Amino acid sequence: MAFLEFKGRTLSEPESISRTLAEEGILYESWNLHLAEGSTDADVLAAYHTDLETIKKDRGYRTADLVSLDPKTPDFSGICERFAREHHHLEDEVRFVVEGEGVFEVQALSGDFFFKIRTGPGDLIVIPAGRRHLFYLTDDSRIRCIRLFRNEDGWKAFY
Ligand code: LAC
Ligand code: NI
């Protein structure tokens, strides 16, 4: 369940979030959740196989993996600190949230402000290559996401 804060308005309806973000060049989709508690990474990739194959084919992503960030993650505070600094990548940042929550702040196309999208289970977001953004966890302190890549080498952060 996502919330978008955009120019002083808060949107929570997936369709209005999707429309507003599309105008900003950001793909947002709300996918049906089909995931049991305690699923392994392989279970998660299998559960979303059809959705993943569709978006891979449509947008040229080649690989998918799972990433978790929580206080037990090695270098948790270092990772959080790096994500929370404004950066961009040379490749799209594609995330589908399966558990937990996270906030993306993304620079508007006009360049003169950032908007904020809080993502949770079922939310897919694509931040295009080159777009400045930053990321942080909510009070929940954890997130588990599927990532999709064209080329993992293109995904270094530029601060
Ligand atoms: C990243 C995020 C979270 O670069 O922006 O992984
Ligand atoms: Ni990033």
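The values are calculated or read from the model by the stated rules, or taken from the named source; none is laboratory data. Since the structure is predicted, the reported quantities are computational estimates derived from the model, not experimental observations. Cβ coordinates were reconstructed from backbone atoms using ideal geometry, including for glycine residues, and neighbour counts include every protein chain displayed. Accessible surface is based on the protein model in full, side chains and every heavy atom, while ligands, DNA and RNA are left aside. Shrake-Rupley method; radii C 1.70, N 1.55, O 1.52, S 1.80 Å.
Brief remarks follow.
- Tally, over region 1-25, of residues that are among the β-branched types (V, I, T) and in a helix (DSSP H, G or I): 2
- Checked against the criterion of being more than 16 Å from ligand 1 (Cβ to nearest atom) and surrounded by 15 or more Cβ atoms within 10 Å (Cβ to Cβ), region 56-65 contains one or more residues that satisfy it.
- Qualifying position, being out of contact with any Leu (no Cβ under 6 Å at 6 or more places or on another chain) and touching a residue at least 12 places away in the same chain (Cβ under 8 Å), among K72, K57, K116: K116
- Residues located in region 116-159, provided they are among the basic types (K, R), within 11 Å of the chain's Cα centre (by Cα) and either buried (at least 21 other Cβ atoms within 10 Å of the Cβ) or within 21 Å of E23 (Cα to Cα) (or both): R118
- When region 86-111 is limited to residues that are assigned to a loop (DSSP other than H, G, I, E, B) and more than 15 Å from A157 (Cβ to Cβ), the one that is nearest to ligand 1 (Cβ to nearest atom) turns out to be E101.
- Any hit, region 78-92, residues being out of contact with any helix residue (DSSP H, G or I) (no Cβ under 9 Å at 6 or more places or on another chain), within 25 Å of L33 (Cα to Cα) and either open to solvent by less than 80 Å² (accessible area, probe 1.4 Å) or within 15 Å of ligand 2 (Cβ to nearest atom) (or both): no
- Residue list for region 26-45, restricted to those being in a loop (DSSP other than H, G, I, E, B) and open to solvent by 40 Å² or more (accessible area, probe 1.4 Å): N32, L33, H34, L35, A36, E37, G38, T40
- For region 113-124, the condition holds for no residue, the condition being that it is within 10 Å of ligand 1 (Cβ to nearest atom), among the aliphatic types (A, V, I, L, M) and part of a strand (DSSP E or B).
- Flag for I79 being in contact (Cβ under 8 Å) with a residue 24 or more places away in the chain and touching a strand residue (DSSP E or B) at 6+ places or on another chain (Cβ under 7 Å): no
- Subset of region 4-21 that is surrounded by fewer than 17 Cβ atoms within 10 Å (Cβ to Cβ) and touching a residue at least 60 places away in the same chain (Cβ under 8 Å) - its residue that is nearest to the chain's Cα centre (by Cα): E5
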